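Undergrad: Dumping the structure here so I can ask a few things about it.
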Amino acid sequence: MVDRVILALLLQPDACAARPARGPVTCHRTAMIELRALAPDELRLAAEIDVTEDGTVVLEQRGTTLRSRQEEWHRPPRDAAAWREFEARWRGFVPASGVALGAFEGTRLVGIATLRRAIRPGLDQLEALFVDRAHRRRGVATALVAGIEALARSGGARLLYVSATPSQSAVGFYESRGFASTIEPIPELLEHEPDDIHMTLAL
Ligand SMILES: CC(C)(COP(=O)(O)OP(=O)(O)OC[C@H]1O[C@@H](n2cnc3c(N)ncnc32)[C@H](O)[C@@H]1OP(=O)(O)O)[C@@H](O)C(=O)NCCC(=O)NCCS
């Protein structure tokens with residue numbers, strides 16, 4: 001179990017600039033984000049996260065090489081049935097053989113990352129990562145994944161595996177943490193998500 005961690009994350013300057021100046025206090029430049037492990041009953045809170053995203057580039061993995069192609073894409077909101085599927089899957093390994101870390105702004109869950117332990121000897125999987133659209137580019141995923149890495153390391157894992165959405169944001173984020181495309185994708189994960197970018201991080 002990780003201790004509760006309170007983080008003061010910097011708001012993007014434009015988030016302040018976008019607010020009209022009214023009165024002496026126009027914008028809080030920091031947001032308090034609390035990071036903590038979620039109890040199984042809290043996993044349903046993930047349905048509050050806006051996962052929508054738009055992009056113009058799709059990445060493709062060939063061995064360890066990534067190619068990009070221009071293609072407009074849009075990820076629609078996830079409906080209640082889709083979130084129930086996620087919750088059911090997470091309940092299958094949290095807390096028996098994994099952890100779900102949540103990032104809260106007040107009582108609202110604005111990000112989640114899940115860890116499945118020992119899917120191979122010495123290898124844990126970063127199974128899911130979502131940050132609410134309005135809270136991106138403020139370090140929420142960085143804080144969540146740093147927590148996941150620490151948990152994996154303290155459990156004895158030497159490698160962390162992720163099957164990443166083939167978007168610049170997801171892959172750009174994982175590269176920013178030191179993940180790299182793997183030459184040895186895990187067969188069942190590759191079969192399940194053949195279009196993803198399969199990446200690992202040495203812990
Ligand atoms: C990918 C995602 C989790 C990143 O979350 P985030 O909280 O915005 O990430 P951070 O603010 O911690 O970003 C850290 C670094 O990652 C990289 N990064 C993040 N978003 C990026 C983007 N859109 N394009 C390129 N690089 C990006 C940058 O290097 C960034 O540092 P910077 O902001 O100082 O430039 C978020 O965009 C998201 O939830 N997307 C939708 C769901 C998804 O794709 N999940 C991953 C599934 S495997």
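Values quoted throughout were computed directly from the atomic coordinates according to the rules given, and no laboratory measurement underlies them. In this text, all values refer to a predicted model and were calculated from it rather than measured experimentally. Neighbour counts run over all protein chains shown; Cβ positions are idealised from the backbone, glycine included.
Undergrad: Averaging sequence separations of C-alpha pairs under 8 Å and six or more residues apart, then dividing by the length of the chain, give the relative contact order as a whole percent.
TA: Over the chain, the number comes to 20 percent.
Undergrad: With only Lys, Arg, Asp and Glu charged, each at its Cβ (+1 for the first two, -1 for the last two), find how big the charge dipole of the stretch 30-126 is about the Cα centre; round to the nearest 20 debye.
TA: 520
Undergrad: Subtracting the Cα-Cα distance from 0.36 nm times the residue separation, let me have the gained length for Glu193 to Arg133 in nm, one decimal.
TA: Here the answer is 19.3 nm.
Undergrad: Would you tally the net charge around Asp54, using a Cβ to Cβ cut-off of less than 9 Å, leaving Asp54 out, and scoring K and R as +1, D and E as -1?
TA: -1
Undergrad: OK, next. Compute the separation of the alpha-carbon centres of the stretch 164-203 and the stretch 51-104 and state it in Å as a whole number.
TA: Value for the Cα centre distance between the two parts: 12 Å.
Undergrad: Could you tell me whether the stretch 42-140 comes out rounded, prolate or oblate from its Cα gyration tensor? Rule is a ≥ b ≥ c as square roots of the eigenvalues, rounded for a/c under 1.5, then prolate if a/b exceeds b/c, otherwise oblate.
TA: oblate
Undergrad: What does DSSP give for the chain in terms of the percent of beta bridges that are antiparallel, rounded to the nearest 5?
TA: In the chain, DSSP labels about 95 percent of beta bridges as antiparallel.
Undergrad: With θ taken as phi - 60° and the coefficients 6.51, -1.76 and 1.60, list the Karplus ³J(HN,Hα) couplings across the stretch 177-187 in order, rounded to whole Hz; mark glycine and proline as x.
TA: Per-residue couplings from phi come out as 9, x, 5, 9, 4, 9, 7, 10, x, 6, x Hz.
Undergrad: May I pose another question? Name the residue farthest towards the positive end of the dipole of the chain from the options Ser154, Ala170, Pro95, assuming +1 on Cβ of Lys and Arg, -1 on Cβ of Asp and Glu, about the Cα centre.
TA: With unit charges placed on the Cβ atoms, the residue in question is Ser154.
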